[in-house]
Amino acid sequence: MKPFYQLLTFLTIAVLLAACGASPTPTLAPIVNLEPTLNAVRTEAASTIAAAIAALPTATELPPTATTAPSATMAPSATMVQLATMVPATKTPTVSPTFGPTLAVTSAVIESGCKITASSTSGADVKAVGSDFDARWTVQNTGSTSWVKGSTDYKYSSGTKMQKSVDAYDVKSDLAAAASMDLVVDMIAPKTPGVYQTNWVVAQGGTVLCSLPVVITVQ
């Protein structure tokens, strides 16, 4: 705006100076059309004003303040529940038994065996202290083969030793299957009262055919 006011001031001074320098005798000056001059002045003044306005610093437009949108509230996550996997029950196939050929069942044939059919000693037998007595058993060959003298014997196995001499005897003769014989051992009662037991056996080598117990009461 300052150039505009300066221009007006300049024009005013120029007009005043022109008036002062005029002749005392008024001379009618020719009428001059000042309208073009004023228009030019106005145009120049407007241009000057526009240039001055354009030179002014423009206000910096501030960027719009970003409005922070409210943060979305996170919904609680759903708890994953693992469902048990259903396993189909496995059906066990029924297996029908397979029957092979029928086997004939036969009774085992016992080649050697014996049993006591009679005995002279039992727990009811009372013997005097230190007395002499015979232990006697009647045995039967229950096997399918004969007892052979020399390979079949009867001998001491366990308990109180009451035999007077040896601990083993051979059978006195061969014994056929189903036949019976008497076995005798010479014994002596202990010298202290009480109940005593001794055990003998019929054996073929290391095979025991039957047991021959002796139980006595000594008084």
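The values are calculated or read from the model by the stated rules, or taken from the named source; none is laboratory data. None of these values were measured; they are calculated from a predicted model. Glycine also receives a Cβ, built like all others from the backbone with ideal geometry; neighbour counts cover every protein chain displayed.
Somewhere in segment 150-167, is a residue in contact with a Lys or Arg (Cβ under 7 Å, 6 or more places away or on another chain) and surrounded by 12 or more Cβ atoms within 10 Å (Cβ to Cβ)?
No.
Determine the pairs where a residue that is touching a residue at least 12 places away in the same chain (Cβ under 8 Å) and within 15 Å of Met162 (Cβ to Cβ), located within segment 187-216, has a partner that is of a type in the set (S, T, N, Q) and surrounded by 20 or more Cβ atoms within 10 Å (Cβ to Cβ) with Cβ atoms under 7 Å apart, the partner being 6 or more residues away or on another chain.
Val214/Thr121; Val214/Thr198; Val215/Thr121; Ile216/Thr121
Are any of the residues in segment 149-166 under 12 Å from Cys114 (Cα atoms) and either part of a loop (DSSP other than H, G, I, E, B) or among the β-branched types (Val, Ile, Thr) (or both)?
There is at least one residue in segment 149-166 that is under 12 Å from Cys114 (Cα atoms) and either part of a loop (DSSP other than H, G, I, E, B) or among the β-branched types (Val, Ile, Thr) (or both).
Every residue in segment 122-135 that is surrounded by 15 or more Cβ atoms within 10 Å (Cβ to Cβ) and closer than 24 Å to Val202 by Cα, please.
Asp125, Phe133, Ala135
Under the condition of being in contact (Cβ under 8 Å) with a residue 24 or more places away in the chain and of a type in the set (Gly, Ala, Ser), which residue from segment 142-168 is nearest to Asp132 (Cα to Cα)?
Top of the filtered list is Gly159.
Hey, could you check segment 92-139 for residues that are part of a loop (DSSP other than H, G, I, E, B) and charged (D, E, K, R) and say which is modelled with the lowest pLDDT?
Checking each candidate, the answer is Glu111.
If I go through segment 168-195 residue by residue, how many of them are over 11 Å from Asp153 (Cα atoms) and crowded, with 18+ Cβ neighbours inside 10 Å?
4
With the structure loaded, tell me whether Thr145 is over 19 Å from Thr217 (Cβ atoms) and not in a strand (DSSP E or B) or whether it fails that test.
So Thr145 fits the description; yes.
Which of the residues that make up segment 136-147 are surrounded by fewer than 19 Cβ atoms within 10 Å (Cβ to Cβ) and farther than 11 Å from Leu209 by Cβ?
Arg136, Thr138, Ser144, Thr145, Ser146
Out of all the residues in segment 169-180, is one or more touching a residue at least 60 places away in the same chain (Cβ under 8 Å), on the phi < 0 side of the Ramachandran plot and touching a Gly at 6+ places or on another chain (Cβ under 9 Å)?
No.
Of all residues in segment 196-217, how many are among the hydrophobic types (A, V, I, L, M, F, W, C) and surrounded by fewer than 13 Cβ atoms within 10 Å (Cβ to Cβ)?
Final tally of qualifying residues: 0.
So if I check each of Asp174, Asp167, Asp182, which one is farther than 28 Å from Gln219 by Cα and at pLDDT 95 or above?
Asp174
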